[in-house]
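Only one structure is covered here, and it is reproduced in the block below.
Read-outs throughout are calculated quantities, based only on the coordinates presented, and are distinct from any laboratory measurement. Predicted, not measured: the structure shown is a model, and the values here were computed from it. Reconstructed Cβ throughout: ideal geometry from the backbone, glycine too, with neighbour counts over all protein chains shown.
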Amino acid sequence: MKLLTICLSSVLLFTYQNAAAQPNQIDQKALKQEAISLIKKFGGQLKPELKKALKSKGPVHAVEVCAKKAPEIARKINASSSNWHIKRVSLKNRNPNAKPDAWERKVLTMFDQKRLNGESAKKMAYSEVVDGKFRFMKAQATEAVCLTCHSKNIAPNIQKAIHQYYPNDKATGYSLGEIRGAFSLEYNPQGTLPNVRIIKKIPNFMKLNNRALSPVSP
């Protein structure tokens with residue numbers, strides 16, 4: 001009986017892993033909502049910090065806050081879920097870690113083309129299942145507050161602060177409304193394997209002596 005129980009557990013575990021690995025099994029609609037929620041969480045933590053820095057000590061201090069706080073917020077969000085990974089990317093990246101991969105570059109280029117065709121960047125997003133992983137990108141438009149550190153005319157003292165933290169900065173020259181990057185999220189369904197739950201209804205062929213077998217708890 002013990003051997004049969006172990007075999008049944010192995011079959012259930014394999015079935016779960018196989019289903020999770022199939023792109024068609026991914027609930028894209030639900031994952032889009034999760035992705036948007038994580039983006040709002042990121043922005044909801046970073047924007048108040050930047051506004052506080054701008055108001056208290058000015059844009060030079062805001063550069064420092066952005067350089068330190070943005071990666072910290074991303075790390076905390078990623079640490080809270082072994083399935084999701086969030087970051088920001090740009091075709092003209094400021095942070096070297098914000099350099100896009102091939103898929104992200106393709107989507108960013110598509111975003112730029114859509115904006116040129118008259119589409120607003122505020123609601124621009126794209127998702128796709130790539131190699132069994134759900135990927136989602138949300139465009140970041142250049143807002144008025146962004147122009148202080150990302151426009152064509154940046155004050156010398158701000159430029160100095162930017163180059164202090166980002167020696168290879170490329171994220172300048174933007175105008176209001178232009179896409180200066182995007183949030184990029186990846187959901188890996190294999191990130192966490194939850195405990196196999198006990199089956200409530202056992203088929204007759206899995207019953208032994210009128211007692212239902214259940215998977216062994218890990």
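Annotations
- Any hit, the range 46-54, residues being surrounded by 15 or more Cβ atoms within 10 Å (Cβ to Cβ) and either hydroxyl-bearing (Ser, Thr, Tyr) or more than 16 Å from GLU143 (Cα to Cα) (or both): yes
- Residue in the range 143-161 that is nearest to PRO48 (Cα to Cα), counting only those that are over 25 Å from the mean Cα position of the chain (by Cα) and β-branched (Val, Ile, Thr): THR148
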